[in-house]
Amino acid sequence: MPAQPAFSDLKFARPRPRPLVISSAESRANLLGLLSSADPIWIDIDADFTGLGADASAVIVDVPLNVTSNAKRIAELMGLLPRGLPKLFIINKTHRVEVVRASVLGATSISNRPLSEFDLGEFFRAEIIAAPQASDGGLRVAALVSSSLANILDAVLTDEAINIPTVEEASGEIASTLDGAGLESWLQTVREHHQGTLQHCLIVAGVMTRFGQQLGMSEDDVRRLTRIGLLHDVGKATIPTALLDKPSKLTDDEFSIIKTHPYRGFRFLSKQGILGTDELAAVVGHHEYLDGSGYPYALMDKSIGDLVRITTVCDVYSALIERRPYKREMSPADALDILNKMASEGKVELSLVRALARSLD
Ligand SMILES: [Fe+2]
Ligand SMILES: [Fe+2]
């Protein structure tokens, strides 16, 4: 166990940051104790938003986000605050609605309820003391893209229309961020600040974008890869997180539920008019293998198109290098070893694994 750093012992540049804390009657007692040395600006979720305090340098939210009226009030409040503040949302990470809504509302960090002094110290250390420079747009872009992706996952759950211009804007932002700062910095930011399906899709989008950029594809083709990366797993929105995050082996019944996600995503996205036919094929086919051992249709060889093959290779690589609560990320070299082995078994295309490796140089 790491030594518990005392939040009150952290060294700040002057002036000391004041957090704006949005709490409920239940959460306030715990936060009062933790934040006693921080001179917070308190906002009660059930009271009027007065005295917002223009000098707030961070926002901490600890209210039940599964209550829709709470989420709406926080959205209003966020609209009144300066943009770009670090935002810590305290939620129950096993509740999908809370995770998705925290992201929609602009969370830059999330922690489990009740907030611990360790997590509070980590938030201040990572987002205020070691705050990214203004020129580093990765954090802002990752928050923006994650928020539009979270909106899409919400739309899948409620079967509503998605906002296509927002997805296009998010895709363009990823491409220009990678062009400027490179893939590794994007991966670090995403691993630090996002988790679960959101982290995975942001990583796949980054890897696929880099793949297209480094191989000299046209801007339009790169944009297609980014879109597929972002959207390929939206079908997971309807799969219980207990299954998606299960650290131990899935039972056959559980795996058969997981296997429905490509088709669920395809069915949802085909109604939205955002993806062309071959992009939809990549969504439904991203778990197919060339030897027929994949799912959902056990397709083989020639019936699996190029775009699908690229998506599969980038998806497997991304899953290996992402961070989960129960595993650290794998190194790029180890992940490529596994892909090379899969290629030697006839599951994925060797030339694409080599192309991916080149794009990562
Ligand atoms: Fe998938
Ligand atoms: Fe995936």
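The numbers here are math on the coordinates, done by the rules we state, and not lab data. Small disclaimer: the values here were computed from a predicted structure and weren't measured. When we count neighbours, we look across all protein chains shown, and the Cβ atoms used for this are built from the backbone with ideal geometry, even at glycine.
Some points to look at:
- Computed lengthening from residue 72 to residue 28, 0.36 nm per intervening residue step minus Cα-Cα distance: 13.9 nm
- Shape of the range 307-360, Cα gyration tensor, a/c cut at 1.5: prolate
- Relative to the longest principal axis of the Cα atoms of the chain, helix 196-214 runs at roughly 60 degrees.
- Cα gyration tensor shape of the range 18-118, rounded if a/c is under 1.5, else prolate or oblate by comparing a/b with b/c: rounded
- With the simple spin-label model, which puts each label point 7 Å out from Cα in the Cβ direction, the residue 248 to residue 324 separation comes to 1.4 nm.
- Near residue 242: Cβ cut-off under 15 Å, other residues only, Lys/Arg at +1 and Asp/Glu at -1. The net charge is +2.
- Toward the positive end of the charge dipole of the chain, with +1 on the Cβ of Lys and Arg and -1 on the Cβ of Asp and Glu, the farthest Cα among 231, 120, 256 is that of 120.
- Segments 353-359, 301-307 sorted - mean Cβ within 10 Å per residue, highest first: 353-359, 301-307
- Three-way shape call for the range 153-309 based on the alpha-carbon gyration tensor, with the a/c threshold at 1.5: rounded
- Taken over the chain, the ratio of Cα radius of gyration to 2.2 N^0.38 Å equals 1.03.
- Under 5 Å between amide hydrogens, built in the peptide plane, is the criterion, and for residue 21 it picks out 41, 42, 43, 60 among residues at least 5 positions away or on other chains.
- Taking a straight line from the alpha carbon of residue 259, these lysines sit under 17 Å away, with near neighbours fewer than eight places off in the same chain left out: 236, 246, 249.
- For residue 341, a cut-off of 14 angstrom between C-alpha atoms picks up these aspartates and glutamates, skipping any fewer than 8 places away in its own chain: 291, 349.
- Dipole magnitude of the chain, debye to nearest 20 (Cβ charges: Lys/Arg +1, Asp/Glu -1, about Cα centre): 360 debye
- Compared with the dominant principal axis of the Cα atoms in the chain, helix 25-34 is inclined by about 80°.
- Lysines whose Cα lies under 18 Å from that of residue 302, excluding same-chain neighbours fewer than 8 positions away: 347
- For the chain, the antiparallel share of DSSP beta bridges with both residues in that region comes to about 5%.
- Between the Cα long axis of helix 219-231 and the first principal axis of the chain there is an angle of about 70°, rounded to the nearest 10.
- Relative contact order for the chain, counting Cα pairs under 8 Å that sit 6 or more residues apart, in percent: 11 percent
- Other residues with beta-carbon under 12 Å from the beta-carbon of residue 221 carry, at +1 per Lys or Arg and -1 per Asp or Glu, a net charge of -2.
- Cβ-based charge dipole, the chain, positive-most Cα from 217, 195, 146: 195
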